[in-house]
């Protein structure tokens, strides 16, 4: 247990020490929030869908958690050759604990980063339905973080070089984000697109967040929870399997 | 302490390590020498549980590292060819994390860390982030860390690469001292023949995945009729250059170098 704790603590220490990085990683979500939030507001309102800022804020929060958690896992690629990870791979500790510590650390950092974006959302005028919404939103952020930190670890354990990183970024992570309903409602979509969005685990995360924060939901909170938990278990198993098989 | 019998590792149709056998006695300093791509690092990876052998047997202190992985890992320390410190943590924190991962009892932890940081002259810098350290200091810290859990075997994979003669000298002196005071068996690889000549009691030379000679430095020189280990090495392995294909690790290494130069 102490091994998990010390590895989790390490991720947190690293996070708090890289202030420049914290600020830098806020850039993208804030840009989405300001440019899209205010830019699409008039069209969205005219179409009778209410405030776009209210709609997109949960999406941007989910996006932040997605990127932050998935990167912490994919970072394995670098870390296992040049970083501290190699040291942990020869330590007399079962790999599953190493991976758990790392995944929990990555997920915690992603949640913290998500909370910063929540604060940014509140600053630019987003209003959650009530304060009671926050714990449920936090639960969904934690689930999104767990799912994608595990996915990141599964990928990071398998990747061989930096070119692979670009591929994963453009053909997996970006599609997961864009097809999740973070930016547009999942109603009245062409059939093919609708089907794809239902295969994207982030759709359920964003839907859950949106349900918690604004009361609008597509699939229902129970479905969101069930799907996310299921996917989290599968990806955790997959992540720890690949992680345990890492050879250098 | 280390016993390797008919060890083989193949990657596809390439045989990196071909039927290698050797034995390292308790408390000995053993140098594993060879040109680039000869199979040194692959052998170390198999000895340290990072790579599964294709066939053959390994015994570390009587244990098969493929079967009793964690027991074997507890018994050795390793300093890798590539850095493996956390540069966002301080020197002390790096040591502390290692102590936890290797189950160093809490009571002796602080004392042992202080002793080793003092030995490698890093104690005054213990609260500084490792990213502010020079290459030599990082190396010293990694070696200090390798000794932290009082391993029975210490693997050093080209630990002096890129260091100035002063650092190299000091580093080997400390390793030798600890080898004597704590009885640690040391298994090292290096490209500097003078170092191997000075410090190693036994030497094995590997080329194209096979061991081509084994014995003390004097024996190797006598066998080849040469006056230095370097000449003996060249006589045994030939003077042709080894152009290996760059692996993905090499590509990453190149990128790492690019980035670290930018930062300096």
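None of the figures in this text is laboratory data; all of them are computed from the coordinates on show. On a predicted model such as this, the values are computed, not experimentally measured, just so you know. Using ideal geometry, Cβ is built from the backbone for each residue, glycine included, and neighbour counts are taken over all protein chains shown.
If you take each beta carbon of peptide B:66-78 and count the beta carbons of other chains within 10 angstrom, what is the mean?
Details: counts 0, 0, 0, 4, 5, 1, 2, 5, 3, 1, 2, 1, 3.
Mean partner shielding for this stretch: 2.
Where the centroid of each part is defined by its Cα atoms, how far is segment A:175-193 from segment A:138-162 in Å?
21 Å
For segment A:33-83, taking Cα atoms only, what is the radius of gyration to one decimal and the Dmax to the nearest whole Å?
Taking only Cα atoms of segment A:33-83, I get Rg and Dmax of 17.0, 53 Å.
Averaging over every viewing direction, what projected area does the convex hull of the Cα atoms of segment B:151-192 cover, in nm²? Please report the intermediate quantities before stating the final value.
Numbers: hull surface 11.2 nm².
The Cα convex hull of segment B:151-192, projected and averaged over all directions, gives 2.8 nm².
Using a basic spin-label model with each label point 7 Å from the Cα along Cα→Cβ, how many nm lie between residue B:191 and residue B:71?
For residue B:191 paired with residue B:71, the spin-label model returns 3.9 nm.
Rounded to the nearest 500 deg cm²/dmol, what is the calculated helix-only ellipticity per residue at 222 nm for the protein assembly as shown, with -39500 (n - 2.57) per DSSP H run of length n ≥ 4? Please list the in-between numbers first.
On the way: 23 runs with 295 residues, N = 512.
Computed mean residue ellipticity for the protein assembly as shown: -18000 deg cm²/dmol.
Helix B:248-263 versus the longest principal axis of chain B: what angle, 0 to 90°, nearest 10, using Cα atoms?
Tilt relative to chain B: about 40 degrees.
Per residue of B:96-108, what is the mean number of Cβ atoms on other protein chains within 10 angstrom of that residue's Cβ?
Average neighbour count from other chains, rounded to a whole number: 4.
Take residue B:242, project a point 7 Å from its Cα along the Cβ direction, then tell me which residues of segment B:142-158 have their backbone nitrogen under 14 Å from it.
Within reach of a label on residue B:242: B:158.
For a quick protection proxy, order the peptides A:71-83, B:18-30 by their average other-Cβ count within 10 Å, most packed first.
Those peptides, ordered most packed to least, come out A:71-83, B:18-30.
If one takes the longest principal axis of the Cα atoms in chain A, at what angle in degrees, from 0 to 90 and to the nearest 10, does the Cα axis of helix A:95-123 lie?
Its long axis makes an angle of about 30 degrees.
Between segment B:182-242 and segment A:196-239, what is the C-alpha centre distance in whole Å?
61 Å
Where Rh is the Kirkwood radius over the Cα pairs of chain A, the temperature 4 °C and the viscosity 1.567 mPa s, what D in µm²/s does Stokes-Einstein return?
Once the numbers are plugged in, D ends up at 70 µm²/s.
Need one number: nm distance between label points at residue A:5 and residue A:162, each 7 Å from Cα along Cα→Cβ, rounded to one decimal.
Taking the simple label geometry, residue A:5 and residue A:162 are separated by 3.8 nm.
Mean projection of the alpha-carbon convex hull of segment A:1-138 over all orientations, in nm²?
In nm², the orientation-averaged hull projection of segment A:1-138 is 10.0.
Using Cα atoms only, what is the angle between the long axis of helix B:91-101 and the major principal axis of chain B, expressed in degrees (0 to 90) to the nearest 10?
70 degrees
Taking 30 Å as R0, compute the FRET efficiency from the Cβ-Cβ separation of residue A:17 and residue A:237 and round it to 0.05.
The calculated FRET efficiency here is 0.40.
Using a Förster distance of 22 Å, how high is the FRET efficiency between residue B:182 and residue B:103, based on the Cβ-Cβ distance and rounded to 0.05? Before the final figure, lay out the partial values.
Numbers: r = 18 Å, r/R0 = 0.81.
Once rounded, the FRET efficiency stands at 0.80.
Spin-label point model (7 Å from Cα, Cβ direction): what's the residue B:251 to residue B:25 distance in nm?
Reported label-point gap for residue B:251 and residue B:25 is 4.7 nm.
Highest mean first, how do A:120-131, A:209-220 rank when packing is the count of other Cβ atoms within 10 Å averaged over residues?
A:209-220, A:120-131
Give the separation of the Cα centroids, segment A:2-64 to segment B:84-148, in Å.
36 Å
On average, how many beta carbons from a partner chain sit within 10 Å of the beta carbon of a residue in B:43-50?
Across B:43-50, the average partner-chain Cβ count within 10 Å equals 2.
Going by average Cβ neighbours within 10 Å, how do the peptides B:34-47, A:2-15, A:56-69, A:151-164 rank, with the highest at the top?
Highest-to-lowest ranking by the protection proxy: A:56-69, B:34-47, A:151-164, A:2-15.
If you build the convex hull over the alpha carbons only and average its shadow over all orientations, what do you get for chain B? Give it in nm² to one decimal. Present the calculation step by step, with values, prior to reporting the outcome.
Values: hull surface 57.0 nm².
Mean orientational projected area (chain B, Cα hull): 14.2 nm².
Please express the shape of segment A:114-248 as an equivalent ellipsoid: the semi-axes are the square roots of 5 times the eigenvalues of the C-alpha gyration tensor, given largest first in whole angstrom. Intermediate results must be reported in sequence, preceding the final value.
On the way: eigenvalues 156, 61, 46 Å².
Three semi-axes, in Å: 28, 18, 15.
Need one number: convex hull volume per residue for the protein assembly as shown, Cα atoms only, in Å³.
Dividing the Cα hull volume of the protein assembly as shown by its residue count gives 163 Å³.
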